[in-house]
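Following: one structure in structure tokens, then a few remarks.
The values are calculated or read from the model by the stated rules, or taken from the named source; none is laboratory data. Bear in mind the structure is a predicted one, so any value in this text is a computation, not a measurement. Neighbour counts run over all protein chains shown; Cβ positions are idealised from the backbone, glycine included. Surface areas here come from the heavy atoms of the whole protein model, side chains and all, with no ligands, DNA or RNA. Shrake-Rupley method; radii C 1.70, N 1.55, O 1.52, S 1.80 Å.
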Amino acid sequence: PPEEELKATVLQLRETVLQPKETIGSQREAIRELTGKLSRCESADGKSATGTWKKELGKGKDTMGDLPRDPAQVIDQLSRTMQTLKDRLESLEHQLRANVSYSALPNDLREMLQRRLGDLERQLLSKVAELEDEKSLLHNETSAHRQRTETALNALLERVSELEKGNSAFKSPDEFKVSLPLRTNYLYGKIKKTLPELYAFTVCLWLRSSASPGIGTPFSYAVPGQANEIVLIEWGNNPIELLINDKVAQLPLFISDGKWHHICITWTTRDGMWEAFQDGEKLGTGENLAPWHPIKPGGVLILGQEQDTVGGRFDATQAFVGEMSQFNIWDRVLKAEDIVNIANCSTNMPGNIIPWVDNNV
């Protein structure tokens, strides 16, 4: 990074400055040593030493090599030079401590540092802008999430209020049910009401069975002259079937696993169209099931047995074994979304023709 390059350059310049400083320090120590020796020589015997030096110099012997004639002058000169170098060194160190003056750097290095500093400044400004944008987005998302959460909570509170106020009559399948634990010809439930003339209907119920082979007959509706006016049956190894006016349609339903399932069957006399729903999902549809035949009124509606005559002659092999609840009949074809809501227990829609009321069975 540019900061590391600048730091390395400063350290290199500092090392370059420290080397002369160390040299000057060693020279200063040598000068001090020479000064001390001269002082000791002068104090020991000034006259004798001076006479000896004169004799030696007169003989032409120079024991001090290139020693100048005035050692004090040489020492003074070295001291002044050393002080000058020290002042320059301190000045240079001051410049380095001030992050290196651009005027002391080469032109190409100054330009490179300026470019790097400019790039760093632009990157910093860009990062700050990005952080500001992220902060703004986060604030918006938090506000939106809070609003969605509050909306969902309000909807739940309204739903709870509706259930507490208006849907107190709604009961789960286990709350009121008809249990037929044995395959007999005498256990059954009878709906006290009868059906009017119908040109369309929807039958929905909850049931649970694991009987084999076949669960039997969940319900049957017989009228004078036609015992199989409306029948839902799974007999033996045959698939579950819907009979209308003794005409048959096989339904793609699978309900013999011992679990609660919600079953809905719709039919209209127009072209004999039918639909089959299981747990809110439409699994099959068809037509030409007793087309243009209206359901006859005044018959008997039985839960758990197949009628060979109106209200009687039950066959134990066709009896329903299991539990059922929420048996409702409407005089119209319900919409798919209504059936889904009923299967999810998110709405209470009692049948307008046959509602599931305990005193009606």
Test: residue in segment 311-327 that is of a type in the set (D, E, K, R) and in a loop (DSSP other than H, G, I, E, B): yes
All positions within segment 304-339 that are closer than 28 Å to S210 by Cβ and open to solvent by 50 Å² or more (accessible area, probe 1.4 Å): D308, R313, D315, T317
Matching residues in segment 172-225 - criterion: being closer than 28 Å to T268 by Cβ and either open to solvent by 30 Å² or more (accessible area, probe 1.4 Å) or of a type in the set (K, R) (or both): K190, K192, K193, T194, P196, E197, Y199, W206, P224, G225
Qualifying residues in segment 243-268 (those that are in a loop (DSSP other than H, G, I, E, B) and among the small types (G, A, S)) - the one farthest from P181 (Cα to Cα): S256
Close pairs from segment 186-202: first more than 16 Å from Q307 (Cβ to Cβ), partner at pLDDT 90 or above and of a type in the set (S, T, Y), Cβ under 8 Å, at least 6 apart: Y199/T268; Y199/T269; A200/T266; A200/T268; A200/T269; F201/T266; T202/T266
Yes/no for D271 being over 19 Å from L207 (Cβ atoms), in contact (Cβ under 8 Å) with a residue 60 or more places away in the chain and not in a loop (DSSP other than H, G, I, E, B): no
Single condition N288 does not satisfy, out of (1) part of a strand (DSSP E or B); (2) within 18 Å of L242 (Cβ to Cβ): (1)
Filter pass, G351 being open to solvent by less than 40 Å² (accessible area, probe 1.4 Å), part of a loop (DSSP other than H, G, I, E, B) and in the same structural domain as I244 (by the TED database): yes
